Amino acid sequence: MTARPDPGTSTDGALLRCENVSLSFGNVRALVEVSLTLRRGEITALVGDNGAGKSTLVRCVSGIHRPQSGRIVFDGDEIDFHSPEDAREAGIETVHQTLALVEDLTVWQNLFLNREIVRRLGPVALLDRRAMQSRSKEMVSTLAVNVPAVRSRVRRLSGGQRQAVAICRAAGFSSKLVIMDEPTAALGVQETARVEELISRMREEGHSVLLISHNFIQVMRLSDQVWVMRAGRCVGGRRTAETSGEEIVALVTGAAGQ
Amino acid sequence: MTARPDPGTSTDGALLRCENVSLSFGNVRALVEVSLTLRRGEITALVGDNGAGKSTLVRCVSGIHRPQSGRIVFDGDEIDFHSPEDAREAGIETVHQTLALVEDLTVWQNLFLNREIVRRLGPVALLDRRAMQSRSKEMVSTLAVNVPAVRSRVRRLSGGQRQAVAICRAAGFSSKLVIMDEPTAALGVQETARVEELISRMREEGHSVLLISHNFIQVMRLSDQVWVMRAGRCVGGRRTAETSGEEIVALVTGAAGQ
Amino acid sequence: MANATLAAGDREAWSARLKDLGFWAEWAALVGLVVLVIVFQALNPTFLSAGNIASMLVAAAILIILAVGQTFVIATAGIDLSIASTMTLGAVAFGQAYAAGWGLPLSCLLGIVASALVGVANGVIIARGKITDFIVTLGTLSAASGLALILADGKPVTIIDPVLLGLSTGGLGIFGWSFVIAVVVALVAHVMLFHTRFGTHLLATGGAPESATAMGISTERIKIAVYTISGTLAGLGAILLVARIGAAEPAANTSFLLNSVAAVVLGGVSLFGGRGTIIGPFIGAMLLVALVNGLTLLGVSQFYQPLAVGIVVVLAALLTRFQR
Amino acid sequence: MANATLAAGDREAWSARLKDLGFWAEWAALVGLVVLVIVFQALNPTFLSAGNIASMLVAAAILIILAVGQTFVIATAGIDLSIASTMTLGAVAFGQAYAAGWGLPLSCLLGIVASALVGVANGVIIARGKITDFIVTLGTLSAASGLALILADGKPVTIIDPVLLGLSTGGLGIFGWSFVIAVVVALVAHVMLFHTRFGTHLLATGGAPESATAMGISTERIKIAVYTISGTLAGLGAILLVARIGAAEPAANTSFLLNSVAAVVLGGVSLFGGRGTIIGPFIGAMLLVALVNGLTLLGVSQFYQPLAVGIVVVLAALLTRFQR
Amino acid sequence: ACASGEPAGPGVRVEAAAAGGPAGQPRIAAVIKGLDNPFFQAMKQGIDDQARAGGVTVTVQAANSITDTTGQADKLNGLAGQDFSCYVVNPISGTNLIQGLARLSMLNKTVVNIDSPVDPAAAKSANVKLATYIGTDNVEAGKMAGRRMTELLPSGGDVAVIGGIAGDVTSGARVQGFQQGIGPNLKVVQTVAANWERQMALTAATDVMRANPNLVGFFVANDDMGLGVARAIANSGKTGKVKVISVDGNKDALEAVKAGTLDGTVSQYPYAIGHMGVEACQAAAAGKTLPPNVKAPVEMITKDNADQALASTPKPFGAYDDPFKALIQ
Ligand SMILES: Nc1ncnc2c1ncn2[C@@H]1O[C@H](COP(=O)(O)OP(=O)(O)OP(=O)(O)O)[C@@H](O)[C@H]1O
Ligand SMILES: Nc1ncnc2c1ncn2[C@@H]1O[C@H](COP(=O)(O)OP(=O)(O)OP(=O)(O)O)[C@@H](O)[C@H]1O
Ligand SMILES: [Mg+2]
Ligand SMILES: [Mg+2]
């Protein structure tokens, strides 16, 4: 895939830095002054209870929401994404918890959504369906066990198959940061193993990954750094090597301070 | 809740028995001659890869699909549910993988959907909103950590909060069998612990539970019996006490025979 | 103590609500209506005279009843395009029976039954046949007007009946009988929608049909029921229509169709189903009637009226932008 | 070898398809059309005479063009209720310009631009204002017909132009020019929908707007684009309409609205968006035109025609029951 | 017979026994405006009655509604391909049928234009040959109503006009005539469109009376709406104080005139128009030369002659000029 990004472009190793990011929906304070950093070439985990604000933070970084206050610095520049398009341009691919698939489109159309391969015929650009279909077959077969046909509509896939498609899409395009919001929640053992393998491989290839998961064993196994959220606040961060599952659980439940 | 059901009503201890149940969607053979039994007062687990057919089997038992061949015996009677209504009447409550919540209704309306409490005023039956709301508060507080307001619309809840609501609904009404299709997939650690507690408590109270999960640790911890599905077939069943996680994984992946 | 705290909480909640744009959006139709009333009253003082209010209310009655029927259908994510032709058919059935000497009560009954049957047909074809609401009711729109033409042989029947005349001219103070009937219909509909199991099941059917089915709700029965209600209300509208114009005609009444849907949508009911109020469409219907009445009072030229109606409808809808 | 296997596979796939009810459902409009043609031809042999086919094709042209525009909108889960009034406005703008001596090409351009502007207005209000399509286009329906009345001062303008006359009467064999134009429009629309990025983004916007947004597709731009397309096609329809009836009139043309939607739905396009074909609505429009033509040829009485149309529409829709 | 007004087409001599049909026995197709209105039903009745009397076959088709210009064109085109020898057409607008008529003229079929005239300029440029035009002048009908209104209200005052669909041609002509017909004492203060619907006319009239409390009269563009306006006047207790005159002469309207709720209706005789249309076809088939322009009877019905009118409806009660009768004798 892409060449290993040069870790020396910014003074520290931080690829993404959130500083005092806040966001409320009416009375619900979903994010309260959240600050955290992601280092280049690492897998960073984000954990927390249901409703802690993890997905909301992800949506801020990937351009769906705009924070009401605070700033986000990505790759050295302060970002102010007006749309998910901007985030994808900047090099952030996201697997949303809701998957963000279009049920009535086929697997290959979803994989290449807004990244379509076109052939130029003078002034008009026509879709290159064959190219996209054959590339899609490759992409899907690396991940799925019961490989869905790339020409079938997503509506027909099982929950796990859908998740596999969404992950393929995020992993399939060269990007600086891949965000995965509970990517293995609906997956079987074999599929989970493959996704974990993929995540490790991405780190080896120099991508950075932000992983959200409720599976602490997975988090401890894969990540380099863990951030913990509770009730909209970021209540702590640990190097994975220097912490234990128990400490993380204590942070999540509020039994321990920062 | 309800009194402990009498385990002696049918000759063996089987509450539910599927015999050669098959169902295809067009070319997709989702279920191929599936046979399995569920004993009374036990937690039975059903495991298998994504797309193995677990949810489809559940939908047959809970009256959404009708099997194309084979028979299902519940509580001694052969059943032929024409609708989910019939299944609920017969005493089967289901937490679907899709949750089956109505986003635009409030939490309490969802909890009491098609089980509404009414006050009779002569010929008309009016909803008893207060009674339902206060009962709902009780039900939800047993399970959720970040308790959602029972009068807020489900649309506003986080993924985990929704799952909690769906589980409350299934557990809240006296029934012979509660089916849970991946009930903890989107849940945090604390919520997962509470749901597992709830499942154990239901067994103690004499309910039978069918649990579908990709989390083998959970399965080994909770269940009395495990059934394994692969590519639409039921490829084996084991008493949990007499098997190991490795054997189950081998069955799921096809590395072992029946 | 506890009560006092509660009241304080309530008060706070209200003031928060009033600041919330979403609150105003839910009441877009009301806000629009109030603005219109103020503008028209400022420009022409007869607008709020008792006589004019009375005639607006009477003019709004039929539209309110149709909008209530339409609300039930739209809350299940359907649409009843046949509502106006069903009314026409009901009126013609009523007229033919009356002309044949069936007497008023029996003729009324026949009119309502004829309309209700169209509703049942809509519901059964949509629910059992699993065909899109739009196309089925488009078909019955055509079929019902055809039947009305055939039944009436294309001719209006003049109906002069003292009871009907009383219905269209008498009333309680400024509230004409037909408006009183419309209010009663709206009240009953409100109770049905929000205080019965049927209402909850209806909203569930509209909001998430698969979830509703999984919970054992028969969405088919609900669909059939809402179209039957819509047809029955069209029948009631037919009787008020005959009472109002003193004749049963096989005319198309197309304006009632679009206006009934407009009233519902202005009333803040989503066309995607699952949500709805009765008061909203009620006020939406009043808004549309007040608009035309006011423009006529001001003597706005017939050419400028459609333009003005269009602009006001879009402006009122702009308010609903902030909904949810 | 490989090729032979492939062909065999294809053949099998086809025979499986033919046995599958879903396949027939996708082609409900075509099946309906074929059945109608057989029935009418059996009852009246002039039905398939070259002259009658030619006049059916010409009669279908405007409806086809409007249905194509409507398809774009409906595929994004919207609806353009203003399509017929936009056409009226375009026709009037064209007529006024022509009467003022602008000459044919400039007048045509003005007609199309006027209609396209209504489309842009629809799109901008819907996308930026986040208001339901239904109510916005209901508003512009009213506003556009009002504008047309004002522009025309309520009077039709007779337009006698040899080029326009040729457009409405000449053609390639039995294919009148206006039908040829409609076919070209449909072809271009098909390519746009299925072979460009725009088309994919359009279907994504209709099928799952939130997912489309998350993937960086600007659903607002797509919405504005489809309404602009619909308006522009309404303008093209306006020119064909003027050519056909020889006058630019501020008349309502309401039947075109419902028929355009009916053609789209009969063509198997879901009103919930995200799916669609162009050939479906094309055939749907032909079906509706053939139906009325056949009934006229058979001399079916005026009163029975709406009934027959209603029944056929529902029957054809029954076929789509087996879709998906 | 034919005096005033420019004929829509020259009185062409049509070859006897045009395509199909034995000489003297025309096969007739008629395309009229819309059958959801008693006016056109009376026209159809006239056509049917004369066809039966003369022993000729006739197929009658109508547009879906009075505004369905293209639908009517489609219907004429559908009939044009068939084996008829004579076409009776009542176009919705001056030009909407031009295309089909051009085709008929090319085939040398007899075309009889009734009621609404085909636009002469359009007919000329498309080479449409019309055998004859039979109809009433809507402007003239409006004038009669205007004159009657002036008689009823000698002291003058404010009057209002309720028209059909905004922009409709027929409605426009009647209203224009009314304005020409009223004396200087009467003033039209408001014109409202009520879409030819009785219910809308009722609502509109109620509102107009509210806005203009001194209103003394209404001119209404057709009888159906006229009855709605009469109802509005009765509802607001102004019977007798506010006069209503409408146009058409339907049976219901005649009865209302007799009962005094309607103060007058300008009766056009669609029955006679349809009747003469068929006679014209018969005359053409017999090889006779047709008069180019025939005026159908129009009568002002008031309380005095309402009984007479009712007795003979749908036929005119007075004697009228029928030049075709002599031709087919
Ligand atoms: N669009 C919205 N409108 C209103 N409230 C919202 C919205 N989105 C999220 N919330 C609220 O914000 C809070 C945080 O939600 P979020 O989805 O970020 O939680 P999460 O940490 O991802 O939880 P989970 O693990 O269950 O996915 C929740 O209380 C939720 O109800
Ligand atoms: N309504 C349907 N139409 C067509 N195919 C279907 C339908 N429902 C399920 N399938 C197919 O049936 C197979 C079994 O699906 P099912 O949802 O039962 O799997 P599962 O075991 O529950 O998987 P998961 O663990 O991912 O939820 C899959 O291949 C799926 O694509
Ligand atoms: Mg989340
Ligand atoms: Mg499943």
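Observations on the structure shown:
- The condition of being β-branched (Val, Ile, Thr), open to solvent by less than 10 Å² (accessible area, probe 1.4 Å) and at pLDDT 85 or above holds for residue A:167.
- Among (1) open to solvent by less than 20 Å² (accessible area, probe 1.4 Å); (2) more than 11 Å from chain B (Cβ to nearest Cβ); (3) within 16 Å of ligand 4 (Cβ to nearest atom), the one test that residue A:155 misses: (1)
- Filtered by the rule that a residue be open to solvent by 40 Å² or more (accessible area, probe 1.4 Å) and among the hydrophobic types (A, V, I, L, M, F, W, C), segment C:168-179 gives C:172, C:174, C:175, C:177.
- Residue E:272 at pLDDT below 95 and under 16 Å from the mean Cα position of the chain (by Cα): yes
- Residues of segment C:140-157 that are more than 26 Å from the chain's Cα centre (by Cα) and modelled with pLDDT under 90: C:153, C:154, C:155.
- Any hit, segment D:52-75, residues being hydrophobic (A, V, I, L, M, F, W, C), within 14 Å of chain C (Cβ to nearest Cβ) and either touching a strand residue (DSSP E or B) at 6+ places or on another chain (Cβ under 7 Å) or open to solvent by 20 Å² or more (accessible area, probe 1.4 Å) (or both): no
- Any hit, segment D:141-155, residues being within 11 Å of chain C (Cβ to nearest Cβ), farther than 28 Å from residue A:109 by Cβ and among the acidic types (Asp, Glu): yes
- Pick from segment A:86-106, criterion in contact (Cβ under 8 Å) with a residue 12 or more places away in the chain and open to solvent by 50 Å² or more (accessible area, probe 1.4 Å), ranking: farthest from residue A:153 (Cα to Cα): A:86
One line per residue, one yes/no per condition, for (1) on the phi > 0 side of the Ramachandran plot; (2) modelled with pLDDT of 95 or more; (3) in a helix (DSSP H, G or I); (4) within 17 Å of the chain's Cα centre (by Cα):
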residue	(1), (2), (3), (4)
D:187	no, yes, yes, yes
D:190	no, yes, yes, yes
D:204	no, yes, yes, no
D:212	no, no, yes, no
D:222	no, yes, yes, no
D:230	no, yes, yes, yes
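- Residue check: residue E:40 meets all listed conditions (1) of a type in the set (A, V, I, L, M, F, W, C); (2) within 11 Å of chain D (Cβ to nearest Cβ); (3) crowded, with 24+ Cβ neighbours inside 10 Å but one, namely (3).
- Here the condition is being away from ligand 3 (no atom under 16 Å from the Cβ), part of a strand (DSSP E or B), more than 11 Å from chain A (Cβ to nearest Cβ) and under 20 Å from residue A:158 (Cα atoms); of B:209, B:228, it holds for B:228 alone.
- Qualifying residues in segment B:238-254 (those that are within 21 Å of the chain's Cα centre (by Cα) and open to solvent by 20 Å² or more (accessible area, probe 1.4 Å)) - the one nearest to residue B:223 (Cα to Cα): B:239
- Residue B:59 surrounded by fewer than 16 Cβ atoms within 10 Å (Cβ to Cβ) and either within 16 Å of ligand 4 (Cβ to nearest atom) or charged (D, E, K, R) (or both): no
- Residue D:264 being touching a Pro at 6+ places or on another chain (Cβ under 8 Å) and either over 30 Å from residue D:163 (Cα atoms) or modelled with pLDDT of 90 or more (or both): yes
- From the options B:68, B:97, residue that is within 16 Å of ligand 2 (Cβ to nearest atom), among the polar types (S, T, N, Q) and either within 25 Å of residue B:196 (Cβ to Cβ) or within 20 Å of the chain's Cα centre (by Cα) (or both): B:97
- Residue match in segment B:76-86 (condition: of a type in the set (Val, Ile, Thr), away from ligand 4 (no atom under 16 Å from the Cβ) and more than 14 Å from chain A (Cβ to nearest Cβ)): yes
- First in segment B:49-72 and at positive phi, second anywhere and within 12 Å of ligand 2 (Cβ to nearest atom) and among the polar types (S, T, N, Q), Cβ under 7 Å, 6 or more apart: B:51/A:146; B:51/A:158; B:51/A:161
- In segment B:199-224, the qualifying residues are those that are open to solvent by 10 Å² or more (accessible area, probe 1.4 Å), touching a residue at least 12 places away in the same chain (Cβ under 8 Å) and over 15 Å from the mean Cα position of the chain (by Cα), and the one that is farthest from ligand 2 (Cβ to nearest atom) is B:205.
- Condition met for residue D:91 (over 22 Å from residue E:125 (Cβ atoms) and in contact with a helix residue (DSSP H, G or I) (Cβ under 9 Å, 6 or more places away or on another chain)): no
- Annotation: of all residues in segment A:45-75 being more than 14 Å from chain B (Cβ to nearest Cβ) and within 16 Å of ligand 3 (Cβ to nearest atom), the one that is nearest to residue D:211 (Cα to Cα) is A:64.
- Among the residues making up segment B:38-50, those that are open to solvent by less than 40 Å² (accessible area, probe 1.4 Å) and part of a strand (DSSP E or B) are B:38, B:43, B:44, B:45, B:46, B:47, B:48.
- Considering the conditions (1) modelled with pLDDT of 90 or more; (2) more than 24 Å from residue E:282 (Cα to Cα), residue E:91 is excluded by exactly one of them, (2).
- Check on residue A:102, within 14 Å of chain B (Cβ to nearest Cβ), under 20 Å from the mean Cα position of the chain (by Cα), more than 16 Å from ligand 4 (Cβ to nearest atom) and not small (Gly, Ala, Ser): no
- Test: residue in segment D:182-199 that is within 30 Å of residue A:97 (Cβ to Cβ), open to solvent by 40 Å² or more (accessible area, probe 1.4 Å) and out of contact with any Gly (no Cβ under 7 Å at 6 or more places or on another chain): yes
- Criterion violated by residue D:137 - all others in (1) assigned to a loop (DSSP other than H, G, I, E, B); (2) open to solvent by less than 40 Å² (accessible area, probe 1.4 Å); (3) not hydrophobic (A, V, I, L, M, F, W, C) satisfied: (1)
- Only one of the numbered conditions (1) away from ligand 3 (no atom under 16 Å from the Cβ); (2) within 15 Å of residue B:167 (Cα to Cα); (3) at the interface with another protein chain (Cβ under 9 Å from one of its Cβ atoms) is not met by residue B:114, and that is (2).
- Filter result for residue A:177 (away from ligand 1 (no atom under 16 Å from the Cβ), in contact with a strand residue (DSSP E or B) (Cβ under 6 Å, 6 or more places away or on another chain) and within 12 Å of another protein chain (Cβ to nearest Cβ)): no
The values are calculated or read from the model by the stated rules, or taken from the named source; none is laboratory data. Not measured: the values here are computed from a predicted model. For neighbour counting, all protein chains shown are included, and Cβ atoms are generated from backbone atoms with ideal geometry for every residue, glycine included. Side chains are part of the model used for accessible areas, which takes the heavy atoms of the whole protein and leaves out ligands, DNA and RNA. Shrake-Rupley method; radii C 1.70, N 1.55, O 1.52, S 1.80 Å.
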